[in-house]
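Engineer: Got a structure for you, written out below as structure tokens; questions coming shortly.
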Amino acid sequence: MSAIERCRTAALGGYVARCENAACGHTEIAYNSCRNRHCPKCQAAASRRWLADREAELLPVPYFHVVYTLPSELRDIAYQNKRVVYDLLMKVAAETTLAIAPTGQARGLKAHDPKRLGARIGVTAVLHTWGSALTQNPHS
């Protein structure tokens, strides 16, 4: 947070830009950015581009945002065994989502029910290691 708080302030240094036209002499001070990937000032344009790119990939169908959270009691185990724990978390999250998804399968219908255009559920999974208060977890 300290980098974000100091972003584009004198605390991070800066430079003076002057118009090359001697008659103008306009001067502007510009401060350096923190370049933190979570900074709304530094990453706003990149964030908007990323979101627009993701929205362009969406199909005109209903979507659901589902979050699976690793219990805090497992934090130390995850820290010591990142690959194993995160692989298991992703696998279990995918299996659970597929099991509870509102598809023809969930209602005892065939997996490729023609009423559903033969569709199956799709999943985009992201491992997010930051808490909602923007505090970094020890396993990041």
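Engineer: Being surrounded by 11 or more Cβ atoms within 10 Å (Cβ to Cβ) and either touching a Cys at 6+ places or on another chain (Cβ under 6 Å) or farther than 16 Å from Ala125 by Cα (or both), is that true of even one residue in segment 86-98?
Structural biologist: No, segment 86-98 contains no residue that is surrounded by 11 or more Cβ atoms within 10 Å (Cβ to Cβ) and either touching a Cys at 6+ places or on another chain (Cβ under 6 Å) or farther than 16 Å from Ala125 by Cα (or both).
Engineer: Then there is this: For segment 5-21, which residues satisfy the criterion of being open to solvent by 100 Å² or more (accessible area, probe 1.4 Å) and not aromatic (Phe, Trp, Tyr)?
Structural biologist: Glu5, Arg6, Arg8, Arg18, Glu20, listed by residue number.
Conditions tested, residue by residue: (1) open to solvent by less than 70 Å² (accessible area, probe 1.4 Å); (2) modelled with pLDDT under 80.
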position	(1), (2)
Gln80	no, no
Arg120	no, yes
Leu127	no, no
Trp130	yes, yes
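Engineer: Hey, another quick one. If I ask for residues that are open to solvent by 50 Å² or more (accessible area, probe 1.4 Å) and in contact with a strand residue (DSSP E or B) (Cβ under 8 Å, 6 or more places away or on another chain), which ones from segment 22-35 would you list?
Structural biologist: Passing the criteria: His26, Thr27, Glu28, Ile29, Tyr31, Asn32.
Engineer: Given Arg54, Arg75, Arg83, Arg8, which one is in a helix (DSSP H, G or I), touching a residue at least 24 places away in the same chain (Cβ under 8 Å) and of a type in the set (D, E, K, R)?
Structural biologist: That would be Arg75, the only listed residue that is in a helix (DSSP H, G or I), touching a residue at least 24 places away in the same chain (Cβ under 8 Å) and of a type in the set (D, E, K, R).
Engineer: For segment 36-65, give me each residue that is within 15 Å of the chain's Cα centre (by Cα), loosely packed, with under 10 Cβ neighbours inside 10 Å and not hydrophobic (A, V, I, L, M, F, W, C).
Structural biologist: Once the filter is applied, which keeps residues that are within 15 Å of the chain's Cα centre (by Cα), loosely packed, with under 10 Cβ neighbours inside 10 Å and not hydrophobic (A, V, I, L, M, F, W, C), segment 36-65 yields Arg37, Asp53, Glu55, His65.
The values are calculated or read from the model by the stated rules, or taken from the named source; none is laboratory data. Small disclaimer: the values here were computed from a predicted structure and weren't measured. Here the Cβ is made from the backbone with ideal geometry for all residues, glycine too, and neighbour counts use every protein chain on show. Heads up: the accessible areas ignore ligands, DNA and RNA and are worked out on the full protein's heavy atoms, side chains in. Shrake-Rupley method; radii C 1.70, N 1.55, O 1.52, S 1.80 Å.
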